[in-house]
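For reference, the structure is listed below as structure tokens.
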Amino acid sequence: MKSLISLLLLLFFFCATSQVSKRTAAIIKPLEKTRLFYSSDDEEIKKVKELLFKETSTEELVYLAEKGQNVYIKATAIDVLAKKKEGGKILEVFKKNLYSKEKLTYRTGCLSDDYLLSIHIFESVSVGYNFSEKEKENLEKEMMAIVLNAKPINPELLEALTYDLPLDNDSYTKIRKLVIDTKSPILLVNLAKYKNPNDIELIKSFGKQAYPAIQEFPDPKFLPFIKENISDASDYHVMFALSRFCSEEAKEIVIKAIEIEKKQNKDKDCGNGCLSTIYQHTYMEKCTLYYPLLADLWLTDKIISFDILDHYEKTHTQKEAARFLLDGFLKPGEAEVIPFNTFEMDHIIDDISDDLTYDGNLRLVKLLERTQKISDEVYKKAVRSSLQYLGDLDLSRFISKLKDNESVLQNKDVLLERVRYNENAYGALTIMDGLKMLKDEKLFSDGAAIIVSRKAEFKKFPVWEENYRSFIKENNIKE
């Protein structure tokens, strides 16, 4: 039996390879064991593509694209056909793979994703510079026509191509019928792009899955629907949809959404940072009707963005802006400062690489610098408040980034109180790192005396006692 199976496999392999030359078979051999990933940056694959382009006939490439030993050989052959500008051949391969379940695992860096071979075929035309814009347009149009008119429809392929679906009137009826037949919330988003009032009830019938479609079609008639379901406000899609509206009616819903978010955050150990997401959702479309709501959150929850502060300064006097900042800074707790809206996709790449994205101390320092330009008096009070409420580990970092030891030293009482009354003695040692940076011998000496007075507390854990001993030795402290 085993011999028979081996013979059949041998015959299959012979039939498959007999359609290509020995040279082509040798070129694609490195791809035969490819199973885990496909990457356009892979040097081995690049070399295979270059050799296929130079040495393999179009007929052989078409054969490999249709009958290749694995999906990676097929995908590589398709890429080479695209490079040869064989649009007609690619179109034929696309037709034959319309219902293919084969998938590639595409990996870029540490991220990976699986996608259909048919999607790869489509993207071989739509991505890159192998075809002119006119050629791309015509080929994409033909491929989409094939997908839309297929019987039966391939829902997975159609959903994957939804953002490439045409928006012409001829396609509208087909897409609407497909939405009804497949109940696909992904296709619903495409239907919503037509912004046809006759589709409002159909969109609402999708319940929670309707929000991405509403985001594309923010008709005021959806507001009662959103209001009825505003308990879902923690869902990104709800707020993405709501942010697209800018009216007094929508403003009332935003107020309710923020209230719900606050209640849900009470049991979470994340402070005002939990409000950051809904805060940014609310102003992502720059509806100034919502800005006063967000400004109030500085006064109630000590959270502020530079965008909202900019608007506040433009619409208020300098004296009012100073009072506004002071009232927020005097509120207990750490300030949550938002440097930019992470949902504004135009500059997200620049933002995520910015130091402000990851450094809360730097964000606070930038806010204090803004405050100082408005009022030096408020700035000094804000520095004092910040020193009171910063976390133990943040204090020394804050002092180093503020670069204003003079203002910090005006609050020696606050610093010594923090050393004396810190919840645990171990944390008090990290505060001493900040005091040391100030280069005030008496202040450091007074702080060290407090540390010594708490000597017994360091015996609670071996690591605490070890750090205490190191501190005493390194700083020549007398016990």
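Readers should treat all values here as calculations from the given coordinates under stated rules, not as data from a laboratory. If you're wondering where the values come from, they're calculated on a predicted model, not measured in any experiment. Positions of Cβ are backbone-derived with ideal geometry, glycine not excepted, and every protein chain shown enters the neighbour counts.
A few comments on the model shown:
- The stretch between Val452 and Ala150 holds 100.6 nm of extra length on full extension. This uses 0.36 nm per residue minus the Cα-Cα distance.
- The gain in end-to-end length when the Asp232 to Tyr115 segment is fully stretched comes to 39.0 nm, 0.36 nm per residue minus the alpha carbon separation.
- Per-peptide packing, taken as the mean over residues of other Cβ atoms within 10 Å, places 393-400, 436-443 in the sequence 393-400, 436-443 from highest down.
- Rounded to the nearest 500, the helix-only mean residue ellipticity at 222 nm of the chain stands at -19500 deg cm²/dmol, with each DSSP H run of n ≥ 4 adding -39,500 (n - 2.57).
- Sequence-separation-based contact order of the stretch 153-229, relative, with Cα cut under 8 Å and 6+ spacing, percent: 26 percent
- Residues Ile28, Ile230, sorted so that the one with the fewest Cβ neighbours within 10 Å comes first: Ile230, Ile28
- Ordered by the number of other Cβ atoms lying within 10 Å of each residue's own Cβ, fewest first, Lys251, Lys455 fall into the sequence Lys455, Lys251.
- Approximate spin-label separation Phe343-Lys366, in nm, with each point projected 7 Å along Cα-to-Cβ: 2.0 nm
- Of all aspartates and glutamates in the structure, the ones whose alpha carbon falls short of 15 Å from that of Lys256, not counting any fewer than 8 places away in one chain, are Glu228, Asp232, Asp235, Glu248, Asp296.
- Stretching Thr182 away from Tyr421 to a fully extended chain increases their span by 79.6 nm, per 0.36 nm per residue minus the current alpha-carbon distance.
- Here r is the Cβ-Cβ distance between Asp42 and Lys174 and R0 is 45 Å; the resulting FRET efficiency, rounded to 0.05, is 0.70.
- Calculated on the alpha-carbon coordinates, the convex hull of the stretch 52-94 measures out at 56 cubic angstrom per residue.
- Packing-based ranking, highest mean first, of 299-305, 417-423 given that Cβ atoms within 10 Å are counted: 299-305, 417-423
- Residue pairs, from the table Lys251/Lys366; Lys151/Lys221; Lys331/Lys366; Lys46/Lys103; Lys193/Lys251, whose Cα atoms sit over 27 Å apart: Lys251/Lys366; Lys151/Lys221
- Percent of C-alpha pairs per 20 Å bin, the chain, short to long: 18, 33, 29, 18, 2
- In terms of other Cβ atoms within 10 Å, Asp267, Asp392, Asp359 run from fewest to most in the order Asp267, Asp359, Asp392.
- Here the relative contact order of the stretch 42-124, from alpha carbon pairs under 8 Å that lie six or more residues apart, stands at 24 percent.
- Listed pairs Lys381/Lys401; Lys266/Lys401; Lys268/Lys302; Lys286/Lys381; Lys47/Lys141; Lys302/Lys436 exceeding 20 Å between Cα atoms: Lys266/Lys401; Lys286/Lys381; Lys47/Lys141; Lys302/Lys436
- Mean Cα-pair separation over length for the chain, i.e. relative contact order, pairs under 8 Å, 6 or more apart, %: 6 percent
- Here the spin labels are modelled as points 7 Å beyond Cα on the Cα-Cβ line, and at Lys478 and Leu167 they lie 8.0 nm apart.
- Cβ-Cβ FRET estimate between Asn70 and Glu259, R0 fixed at 60 Å, reported to 0.05: 0.60
- Cβ-derived FRET efficiency at R0 56 Å, Glu252 paired with Lys95, nearest 0.05: 0.60
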